[in-house]
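Read the structure below first, then the notes.
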Amino acid sequence: MVPRGCILAVLAVLCISRLLCSHGAPALSPPVVPMSPYLMLCQPHLRCGDKFYDPLQHCCYDGAIVPLTRTRGCGNCTFRVCFERCCSWYRSPQPSLMVKLIGQSCTSEPTSDDKPCHR
């Protein structure tokens with residue numbers, strides 16, 4: 001007969017594992033390596049390809065995990081890859097570039113948030 005303590009320990013492990021997974025924590029297999037020492041199981045996290053990352057410090061850009069501060073060039077402008085994107089703009093007589101917020105369509109009318117750029 002199995003001791004009562006062993007049964008309770010196994011049930012406790014299963015309950016805790018199920019509770020963590022129901023709140024968005026990754027499954028116990030395959031192992032997840034945190035990107036920073038304070039990334040806890042209960043923190044929100046996202047996936048980029050087959051890797052998890054902390055959305056408070058990184059984003060997924062072009063299939064790679066990059067810091068929120070990463071920038072790229074867009075003609076004579078600079079844009080933050082986690083929050084903005086570089087769009088070709090063809091409504092003027094000459095094609096130009098425009099930096100728009102991530103949620104905006106490149107074909108939408110310009111807004112006050114957009115930055116016109118030159119090639």
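The values are calculated or read from the model by the stated rules, or taken from the named source; none is laboratory data. This structure is a prediction, so every number in the text was calculated from the model and none was measured. Don't worry about glycine lacking a Cβ; one is built from the backbone with ideal geometry, like all the others, and counts go over all protein chains shown. The protein model used for the area step is the full one, side chains on, heavy atoms only, and it has no ligands, DNA or RNA in it. Shrake-Rupley method; radii C 1.70, N 1.55, O 1.52, S 1.80 Å.
What to note about this one:
- In terms of accessible area, using a 1.4 Å probe and ignoring ligands and nucleic acids, 52, 79 rank largest first as 52, 79.
- Taken along the Cα-to-beta-carbon direction at a fixed 7 Å, the label points for residue 51 and residue 70 span 0.9 nm.
- Heavy-atom accessible area ranking, 1.4 Å probe, most first, across 51, 115, 100: 51, 115, 100
- Solvent-accessible area of residue 56 with every protein chain in place, 1.4 Å probe, in Å² to the nearest 10: 110 Å²
- Each residue, residue 118 and residue 96, gets one label point 7 Å from its Cα in the Cβ direction; the gap between the two is 1.0 nm.
- Protein-only accessible surface order, largest first, of 61, 53 at 1.4 Å: 61, 53
- Span per principal axis, largest first, for the Cα atoms of segment 42-92 (Å): 48, 18, 15
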